[in-house]
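Peer 1: Here it is, the structure in full.
The values are calculated or read from the model by the stated rules, or taken from the named source; none is laboratory data. Remember, predicted model here, so these are calculated numbers, not experimental data. Neighbour counts run over all protein chains shown; Cβ positions are idealised from the backbone, glycine included. For the accessible areas, the whole protein counts, side chains as well, though only heavy atoms, and no ligand, DNA or RNA atoms are used. Shrake-Rupley method; radii C 1.70, N 1.55, O 1.52, S 1.80 Å.
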Amino acid sequence: MMRLERLRADHADALLEFERENRAYFARSVPDRGDAYFADFASRHRALLAEQDAGLCHFHVLVDDRGDLAGRVNLVDVEDGAAELGYRIGERAAGRGVATAAVEEMCRLAAMAYGLSALIAVTTLDNPASRAVLARNGFTVVENISIDGRPGVRFRRRLVATG
């Protein structure tokens, strides 16, 4: 059983370990964060918490039943009832429906807890797993784009708050 937890200061060490452990795995499908991200992680984490406190973003970690981080799911650039969805699921949890379930839960939270009416997501064409997760969660392609020089697509999903 996995659960989303809103990012807190005490997640910093586990999140840094998660990012280090999965760095090579993530770099196979998304641009690498670079060495500076890891060297300055503590100040970056504090900055994320400040953005979250200001209501600009909603950051979450995905925690498994042992308390280990399995991924992260974020809503960034919150504005006018919409936000951009981003997610990373670690290699140990990949291929088991974890990303699909985490995105589904985030869509529910986005509508119910954060009052959002739409989510945007982007991915490269050479990341079929991410495209499948978005499609399974009701996202539809709205335009072709370029992501760091690679062909990609932008998705959108309308949200409806349900009790």
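Peer 1: For region 22-51, enumerate the residues that are touching a Leu at 6+ places or on another chain (Cβ under 8 Å) and closer than 28 Å to ASN127 by Cα.
Peer 2: Those that are touching a Leu at 6+ places or on another chain (Cβ under 8 Å) and closer than 28 Å to ASN127 by Cα: PHE38, PHE41, HIS45, LEU48.
Peer 1: Right, here's the next one. Residues being within 19 Å of HIS58 (Cβ to Cβ), open to solvent by less than 90 Å² (accessible area, probe 1.4 Å) and out of contact with any strand residue (DSSP E or B) (no Cβ under 9 Å at 6 or more places or on another chain): count how many of those fall in region 1-26.
Peer 2: The total comes to 2.
Peer 1: Run LEU116 past the list (1) within 15 Å of ALA161 (Cβ to Cβ); (2) assigned to a loop (DSSP other than H, G, I, E, B); (3) open to solvent by 20 Å² or more (accessible area, probe 1.4 Å) and report the number of the one that doesn't hold.
Peer 2: Looking at each condition in turn, LEU116 falls short on (3).
Peer 1: Being open to solvent by less than 80 Å² (accessible area, probe 1.4 Å) and touching a Lys or Arg at 6+ places or on another chain (Cβ under 8 Å) is the filter; apply it to region 143-154 and report the residue that is nearest to ALA110 (Cα to Cα).
Peer 2: Out of the qualifying residues, it is VAL153.
Peer 1: SER29 passes all but one of (1) part of a strand (DSSP E or B); (2) open to solvent by 30 Å² or more (accessible area, probe 1.4 Å); which number fails?
Peer 2: Answer for SER29: the failing condition is (1).
Peer 1: Can you tell me which of (1) farther than 22 Å from GLU19 by Cβ; (2) surrounded by 14 or more Cβ atoms within 10 Å (Cβ to Cβ); (3) touching a Lys or Arg at 6+ places or on another chain (Cβ under 6 Å) is the one VAL122 doesn't meet?
Peer 2: Condition (1) is where VAL122 drops out.
Peer 1: Let me ask another. Looking only at region 125-142, filter to residues that are under 20 Å from ILE89 (Cα atoms) and aliphatic (A, V, I, L, M); which one of those is surrounded by the most Cβ atoms within 10 Å (Cβ to Cβ)?
Peer 2: The extreme case among them is LEU134.
Peer 1: Go through region 1-22 residue by residue and tally those that are touching a residue at least 12 places away in the same chain (Cβ under 8 Å) and part of a helix (DSSP H, G or I). Can you show your working first?
Peer 2: Our first condition is that a residue be touching a residue at least 12 places away in the same chain (Cβ under 8 Å); within region 1-22, this holds for 1-9, 11-12, 14-22.
With part of a helix (DSSP H, G or I) added as a condition, the list becomes 9, 11-12, 14-21.
Here the count works out to 11.
Peer 1: Hey, can you tell me all the residues within region 119-163 that are in a strand (DSSP E or B) and of a type in the set (A, V, I, L, M)? So that I can check it myself, show each step before the final result.
Peer 2: Filtering region 119-163 for residues in a strand (DSSP E or B) gives 119-124, 140-147, 150-158.
LEU119, ILE120, ALA121, VAL122, VAL141, VAL142, ILE145, ILE147, VAL153 - these are the residues of region 119-163 that are in a strand (DSSP E or B) and of a type in the set (A, V, I, L, M).
Peer 1: If LEU69 satisfies all but one of (1) over 26 Å from GLY152 (Cβ atoms); (2) touching a residue at least 40 places away in the same chain (Cβ under 8 Å); (3) in contact with a His (Cβ under 6 Å, 6 or more places away or on another chain), what's the number of the condition it fails?
Peer 2: (3)
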